Amino acid sequence: MAIFKAETTIKVPFYDNDPMGVVWHGNYVKYLEIARCDTLAKIGYDYMDMKNDGVMYPIAKLDMKYIKPSTFAQNLRMVTVIEELEPSLIIKYEIFDEKGEKIFKGKSMQICVNIETKQSVYVAPQRFKELLNV
């Protein structure tokens with residue numbers, strides 16, 4: 001079930017390509033972070049808001065499937081869906097090329113952690129829940 005859905009568009013920069021002329025696979029982690037930050041900004045609850053609430057959301061698990069390569073100057077549309085908020089933040093990602101073909105899919109799991117104690121919280125901050133209407 002989708003709690004929140006957002007779209008982010010990026011243009012592949014030259015320096016993200018490997019010697020074979022395609023985006024190096026490790027850069028997709030960066031693309032997911034770009035999409036995640038944009039999604040959180042659209043919700044109105046970004047990493048600084050988390051910090052102000054005394055929590056952080058480190059990645060606990062990341063699953064990725066590469067379907068088709070992307071290349072320099074290609075416009076990519078990234079669809080980000082928040083599927084769960086508690087006990088962990090589960091986000092699904094899909095990346096599409098200019099033709100609308102899916103070239104990548106992935107999923108991340110982030111655990112809410114108390115900044116001071118470094119202990120898992122498993123409950124989202126109240127303000128985050130209110131902004132998502134959950």
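The values are calculated or read from the model by the stated rules, or taken from the named source; none is laboratory data. Since we're looking at a predicted model, the values are computed, not measured. Don't worry about glycine lacking a Cβ; one is built from the backbone with ideal geometry, like all the others, and counts go over all protein chains shown. These accessible areas exclude ligands, DNA and RNA; they are computed on the full protein's heavy atoms, side chains included. Shrake-Rupley method; radii C 1.70, N 1.55, O 1.52, S 1.80 Å.
Descriptive notes on the structure:
- Heavy-atom accessible area order for THR71, THR117, THR9, THR80, largest first, 1.4 Å probe: THR9, THR117, THR71, THR80
- Once exposed loop trypsin sites (Lys or Arg not before Pro) are cut out (DSSP; at most 10 other Cβ, 10 Å), longest piece of the chain: 1-98
- Solvent-accessible surface (1.4 angstrom probe) belonging to VAL55, in square angstrom, nearest 10: 10
- Rounded to the nearest 20, the Cβ-based charge dipole of the chain about its Cα centre (Lys and Arg +1, Asp and Glu -1) stands at 220 debye.
- All aspartates and glutamates inside 20 Å of LYS107 as judged from Cα atoms, apart from same-chain residues fewer than 8 positions distant: GLU7, GLU33, ASP38, ASP46, ASP63, GLU83, GLU84, GLU86, GLU94, ASP97
- Only helices enter this figure: runs of n ≥ 4 DSSP H residues, each worth -39500 (n - 2.57), summed and divided by the residues of the chain, yield -6500 deg cm²/dmol at 222 nm to the nearest 500.
- Legend: residue pairs LYS5/LYS65; LYS30/LYS99; LYS68/LYS129; LYS42/LYS65, Cα-Cα distance threshold 29 Å; pairs beyond threshold, LYS68/LYS129.
- Length gained on full extension, LYS118 to PHE72: 12.6 nm, using 0.36 nm per residue less the C-alpha separation.
- Using θ = phi - 60° and Karplus 6.51 cos²θ - 1.76 cosθ + 1.60, couplings along segment 21-30 (whole Hz; Gly, Pro as x): x, 10, 4, 4, 4, x, 6, 5, 4, 5
- (i) -0.25, -0.45, -0.53, -1.37; (ii) -0.50, -0.68, -0.73, -1.23; (iii) -0.28, -0.49, -0.57, -1.20, with the label sought being that of the calculated log10 I(q)/I(0) by the Debye sum over Cα atoms at q = 0.09, 0.12, 0.13, 0.21 Å⁻¹: (iii)
- Solvent-free Debye scattering, log10 I(q)/I(0), computed from the Cα coordinates of segment 1-72 at q = 0.14, 0.22, 0.23, 0.25 Å⁻¹: -0.58, -1.09, -1.14, -1.22
- Accessible area per residue in Å² at 1.4 Å probe, computed on segment 23-134: 52
- Extended-chain gain in nm, criterion 0.36 nm per residue less alpha-carbon gap, TRP24 and GLU86: 19.0 nm
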